[in-house]
Amino acid sequence: MAERVLVIVSIDTEEDNWHRSRHEVTCENIRELEYQARVFERLGARPTYFTTYQVAMDPAAAGVLREVGRQGEIAAHLHPWNTPPLTEAFVPRNSMLKNLPAALQFSKLRTLTLALTRAFDARPRAFRAGRYGLGSDSVGALRKCGYEVDSSVMPFVSWEDVDDGPSFIGAPLDAYRLAPDRAVTQPAAGGKIVEVPLSCGFNRGPFPIWGRVRRALDVPALRPLRLAGIAARSGLCKRIVLSPELANASEMLTLSRRLLERGVRHLHLTWHSPSLVPGLGPFTKTQADVRSLYATVERYLDRLSRLASPTFVTVSEAAAALAPALPRPEVFAC
């Protein structure tokens, strides 16, 4: 009998402006969610839409999302650079939520939470930081605003060299609990926030060994030699993210097989809504690329059913299934 696995499909549902902007922000790509929703309906997927402030505040975009969101869950996605209050300097380092003062992180999260609640008549329960920029202070803000789930952690990936972002090296592969008094990679038994990490690993196991190999090949002194890229192309050590933007169906199946071998109970497939429109982001330059993204998703999910018995869930449903229940906060500060 095939092993049962929870399958999450999450979309970073955001503005068209891939290059960070506070001005002339548009949300035209959100119209493509209508076609995508028909694909999800055919596949049986229950999508989670991690949604930004700019989308919530755009009446047309919010109208589309209200309709398609009935299939799954509307969650929160915080882009610090254009979510009020905009009191910080518009510099790359400040695009990582963790780098902002704790009080400002909370204020921005409160703004986003209220915007989503008003636009969709429901308080969001789940969160993802823009650029995956989660930190311990971010966890504290999530608790204050009554969130129950985060999904910002990408195991085996460090963003430290990218605008002083977080490092997720050493993070668990399966769901765990977060607390504001420790690093976001360290499980906290009594933490009030469930972390449902993205699915990332390597084309071969054991993952910890190949993670160390890749980091050794990617130290600054060796980067001019591009050894990490050579190792990936040769198949020696390839890091794979479960995303059709970054991997083909065969690679994603390899990763899924390795994760299941390690006893991971969920697979988290993700991409960005701007990728549904050619040229808005770096992953789909042409309409053929968009068709390829959809085809990759369908091919992967079709073949996954031969590997395991998938059950589609939203990210909050996955958190409830994977982590023991704790009492919800009774009072929200935002």
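The values are calculated or read from the model by the stated rules, or taken from the named source; none is laboratory data. Treat the numbers as computed from the prediction; the structure is a model and nothing was measured. Counting neighbours? That spans all protein chains shown, and the Cβs are built from the backbone with ideal geometry, glycine included. Heads up: the accessible areas ignore ligands, DNA and RNA and are worked out on the full protein's heavy atoms, side chains in. Shrake-Rupley method; radii C 1.70, N 1.55, O 1.52, S 1.80 Å.
Numbers for the structure displayed
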| read-out | value |
| --- | --- |
| Selection within the range 11-57 - among the aromatic types (Phe, Trp, Tyr) and open to solvent by 60 Å² or more (accessible area, probe 1.4 Å) | 18, 35 |
| Identity of the residue in the range 282-300, in a helix (DSSP H, G or I) and among the charged types (D, E, K, R), that ends up most open to solvent (accessible area, probe 1.4 Å) | 291 |
| Filter result (on the phi < 0 side of the Ramachandran plot and touching a helix residue (DSSP H, G or I) at 6+ places or on another chain (Cβ under 8 Å)) within the range 123-135 | 123, 124, 125, 126, 127, 129, 130, 133, 134, 135 |
| Verdict on residue 39 being part of a helix (DSSP H, G or I), under 30 Å from residue 7 (Cβ atoms) and without any contact (Cβ under 8 Å) to a residue 60 or more places away in the chain | no |
| Test: residue 90 is assigned to a helix (DSSP H, G or I), open to solvent by 10 Å² or more (accessible area, probe 1.4 Å) and not charged (D, E, K, R) | no |
| Qualifying position, being within 17 Å of residue 29 (Cβ to Cβ) and in a loop (DSSP other than H, G, I, E, B), among 263, 191, 205, 279 | 279 |
| Hits in the range 58-67 (condition: open to solvent by less than 40 Å² (accessible area, probe 1.4 Å) and of a type in the set (Gly, Ala, Ser)) | 61, 62, 63 |
| Answer residue from the range 222-240, given it is open to solvent by 50 Å² or more (accessible area, probe 1.4 Å) and modelled with pLDDT under 70 and is nearest to the chain's Cα centre (by Cα) among those | 227 |
| Tally of residues being under 25 Å from residue 267 (Cβ atoms), in contact with a Ser or Thr (Cβ under 6 Å, 6 or more places away or on another chain) and open to solvent by 20 Å² or more (accessible area, probe 1.4 Å) across the range 132-171 | 5 |
| Check on residue 198, buried (at least 22 other Cβ atoms within 10 Å of the Cβ), aliphatic (A, V, I, L, M), assigned to a loop (DSSP other than H, G, I, E, B) and in contact with a strand residue (DSSP E or B) (Cβ under 6 Å, 6 or more places away or on another chain) | yes |
| Residue list for the range 215-235, filter: touching a helix residue (DSSP H, G or I) at 6+ places or on another chain (Cβ under 6 Å) and either within 22 Å of residue 133 (Cα to Cα) or in a strand (DSSP E or B) (or both) | 218 |
| Where residue 208 falls short, out of the listed (1) on the phi < 0 side of the Ramachandran plot; (2) open to solvent by less than 50 Å² (accessible area, probe 1.4 Å); (3) modelled with pLDDT under 80 | (2) |
| Breaking point among (1) in a helix (DSSP H, G or I); (2) within 26 Å of residue 261 (Cα to Cα); (3) small (Gly, Ala, Ser), for residue 115 | (2) |
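Condition check ((1) among the aromatic types (Phe, Trp, Tyr); (2) within 20 Å of the chain's Cα centre (by Cα); (3) over 30 Å from residue 217 (Cα atoms)) across all residues:
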{"residue": "248", "(1), (2), (3)": "no, yes, no"}
{"residue": "261", "(1), (2), (3)": "no, no, no"}
{"residue": "286", "(1), (2), (3)": "no, no, yes"}
{"residue": "295", "(1), (2), (3)": "no, no, yes"}
{"residue": "298", "(1), (2), (3)": "no, yes, yes"}
{"residue": "302", "(1), (2), (3)": "no, no, yes"}
{"residue": "308", "(1), (2), (3)": "no, no, yes"}
